[in-house]
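Notes to accompany the following structure.
The values are calculated or read from the model by the stated rules, or taken from the named source; none is laboratory data. Remember, it's a predicted structure, so these values are computed and weren't measured experimentally. Cβ placement follows ideal geometry from the backbone for every residue including glycine, while neighbour counts extend to all protein chains displayed.
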Amino acid sequence: MSKKQKKNGRPENQSEVMIKDHLQLKAGALLISPPMQWDPNFRRTVVFLCEHSDSGSFGLILNRPLSLVMEQVFEDMEGFGEEIRWGGPVQSETLHFLHRIPEIITGGDEVLPGIFWGGDFEMLKAGVRTKQVHSEDVRFFLGYSGWSTGQLSGEIEEGGWIVSESNSHTIFETSESALWRESLLQKGGSYAVLANFPDHPTLN
């Protein structure tokens, strides 16, 4: 995660270009990268926080699609073209998923009402074969974003993240290309102004 930047053409403190966020951190929150976030891992990303406790935090980047679909990875998912997203830089070989069909995939943790993290993967594959599982109801990720005790809170205090609320529409119905901007606009107020911040301000 990025720290305060030195005076090398980048902002020394991201809080100079954004209002500090004081929304309480909790599972189900969205972490929105501010426009002056220079860490390439998290530039203009939106992270869904699956878990947050005194022990640390676990999140999945929602808007970093990979050039990979599920049927390319699992032979028994032939015909299932749901794309896989990059969830973050930690353990990039591990697969994670979010879904909103607990009646078909049991065993998941309900992070928010109607939004589940993980579950019985064999039931998921069976649902794909019987065409009960549809692409619009599941999101897959390789890797995750993790923070140790107090690390995420510290980054937010430094202006490294904007915290917002999430819902099923954000995760399952908003396109990756629009998600960062739409999340800032939905938060509203001064944050909405950041949605139009140029991607490369030095070129403007």
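Would you mind stating whether residue 67 is without any contact (Cβ under 8 Å) to a residue 12 or more places away in the chain and either under 30 Å from residue 161 (Cα atoms) or aliphatic (A, V, I, L, M) (or both)? Can you show your working first?
Values: without any contact (Cβ under 8 Å) to a residue 12 or more places away in the chain: yes; either under 30 Å from residue 161 (Cα atoms) or aliphatic (A, V, I, L, M) (or both): yes.
Considered against the rule, which asks whether it is without any contact (Cβ under 8 Å) to a residue 12 or more places away in the chain and either under 30 Å from residue 161 (Cα atoms) or aliphatic (A, V, I, L, M) (or both), residue 67 comes out as yes.
Residue 158 - would you say it is in contact with a strand residue (DSSP E or B) (Cβ under 6 Å, 6 or more places away or on another chain) and farther than 12 Å from residue 32 by Cβ? Outline the logic, then answer.
Numbers: in contact with a strand residue (DSSP E or B) (Cβ under 6 Å, 6 or more places away or on another chain): no; farther than 12 Å from residue 32 by Cβ: yes.
So residue 158 does not fit the description; no.
Of the residues that make up segment 159-178, is at least one among the small types (Gly, Ala, Ser), without any contact (Cβ under 8 Å) to a residue 12 or more places away in the chain and touching a Gly at 6+ places or on another chain (Cβ under 9 Å)? Let's see the steps before the verdict.
First pass over segment 159-178, keeping only residues among the small types (Gly, Ala, Ser): 159-160, 164, 166, 168, 175, 177-178.
Pick out the ones that are also without any contact (Cβ under 8 Å) to a residue 12 or more places away in the chain and you get 175, 178.
Remaining after also requiring touching a Gly at 6+ places or on another chain (Cβ under 9 Å): none.
No, every residue in segment 159-178 fails to be among the small types (Gly, Ala, Ser), without any contact (Cβ under 8 Å) to a residue 12 or more places away in the chain and touching a Gly at 6+ places or on another chain (Cβ under 9 Å).
Among the residues of segment 136-155, are any over 30 Å from residue 93 (Cβ atoms) and modelled with pLDDT under 95?
At the first step, the residues of segment 136-155 found to be over 30 Å from residue 93 (Cβ atoms) are none.
Checked against the condition, which is being over 30 Å from residue 93 (Cβ atoms) and modelled with pLDDT under 95, segment 136-155 yields no hits at all.
In this structure, is residue 194 in contact (Cβ under 8 Å) with a residue 24 or more places away in the chain and under 22 Å from residue 69 (Cβ atoms)?
Working: in contact (Cβ under 8 Å) with a residue 24 or more places away in the chain: yes; under 22 Å from residue 69 (Cβ atoms): no.
No: the conditions fail for residue 194.
May I ask you to list the residues in segment 64-78 that are assigned to a loop (DSSP other than H, G, I, E, B) and either buried (at least 20 other Cβ atoms within 10 Å of the Cβ) or of a type in the set (D, E, K, R) (or both)? Even if it seems obvious, please write down each step before you answer.
Applying the first criterion (assigned to a loop (DSSP other than H, G, I, E, B)) to segment 64-78 yields 64, 74, 78.
Within segment 64-78, 64, 78 qualify.
With the requirement that a residue be among the aliphatic types (A, V, I, L, M) and farther than 13 Å from residue 50 by Cα, what does segment 80-100 give you? Before the answer, list the steps.
Just the residues of segment 80-100 that are among the aliphatic types (A, V, I, L, M), to begin with: 84, 90, 95, 98.
Once the filter is applied, which keeps residues that are among the aliphatic types (A, V, I, L, M) and farther than 13 Å from residue 50 by Cα, segment 80-100 yields 84, 90, 95.
Residue 27 versus (1) part of a strand (DSSP E or B); (2) surrounded by fewer than 22 Cβ atoms within 10 Å (Cβ to Cβ): which is the lone unmet condition?
With (1) part of a strand (DSSP E or B); (2) surrounded by fewer than 22 Cβ atoms within 10 Å (Cβ to Cβ) applied to residue 27, the lone miss is (1).
Among 88, 81, which is the only one that is at positive phi and either outside any strand (DSSP E or B) or among the hydrophobic types (A, V, I, L, M, F, W, C) (or both)? So that I can check it myself, show each step before the final result.
On the way: 81 fails: at positive phi.
Going through 88, 81 in turn, just one is at positive phi and either outside any strand (DSSP E or B) or among the hydrophobic types (A, V, I, L, M, F, W, C) (or both): 88.
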